[in-house]
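Okay, so here's the structure we're looking at.
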Amino acid sequence: MNVHQTALEGAEQTTATSFASLCKPALRQAFIKLDPRTLARSPVMLVVELTAVLTSVLCLLPNEAVSTGVAVQIALWLWFTVLFANFAEALAEGRGKARADSLKTGSQGLEAHLGSCRDKGKIHSLRS
């Protein structure tokens, strides 16, 4: 039981560490991806970002038709949407890169055995 608990705690710590190691760069990338040139490949998010900028500017200008509180709330929701989408994309990219690196390191040193009918059961070893 004690060995099982230790293994579970180690797995939880590894998962937490890997999640933290992915989140910090993804959070930084979420802000870097706010550049309109980067968002140009995603037209919907580009429009949301431009609307967020416009709404933020309109928050500073007094207007009788819309209260400032409503304008601020809409601007915050728009900014949250853009940042969350960028964060999700950056996190997926980070996980993909980590997975590819893991597969590359895991395949080193593997050996395949190839058998052939022509060679009458002779087995050839192939390195990866």
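The values are calculated or read from the model by the stated rules, or taken from the named source; none is laboratory data. None of the values given here were measured: they were computed from a predicted structure. Every residue, glycine as well, gets a Cβ built from its backbone with ideal geometry; the counts of neighbours run over all protein chains shown.
Does any residue of the stretch 64-87 turn out to be in contact (Cβ under 8 Å) with a residue 60 or more places away in the chain, surrounded by 15 or more Cβ atoms within 10 Å (Cβ to Cβ) and either within 20 Å of C23 (Cα to Cα) or not polar (S, T, N, Q) (or both)?
Within the stretch 64-87, one or more residues are in contact (Cβ under 8 Å) with a residue 60 or more places away in the chain, surrounded by 15 or more Cβ atoms within 10 Å (Cβ to Cβ) and either within 20 Å of C23 (Cα to Cα) or not polar (S, T, N, Q) (or both).
Can you tell me which residues in the stretch 46-55 are more than 19 Å from A30 (Cα to Cα) and surrounded by 14 or more Cβ atoms within 10 Å (Cβ to Cβ)?
T55 - this is the single residue of the stretch 46-55 that is more than 19 Å from A30 (Cα to Cα) and surrounded by 14 or more Cβ atoms within 10 Å (Cβ to Cβ).
Filter the stretch 1-53 for residues that are at pLDDT 55 or above, not in a helix (DSSP H, G or I) and not basic (K, R); which is farthest from L91 (Cα to Cα)?
My answer is A40.
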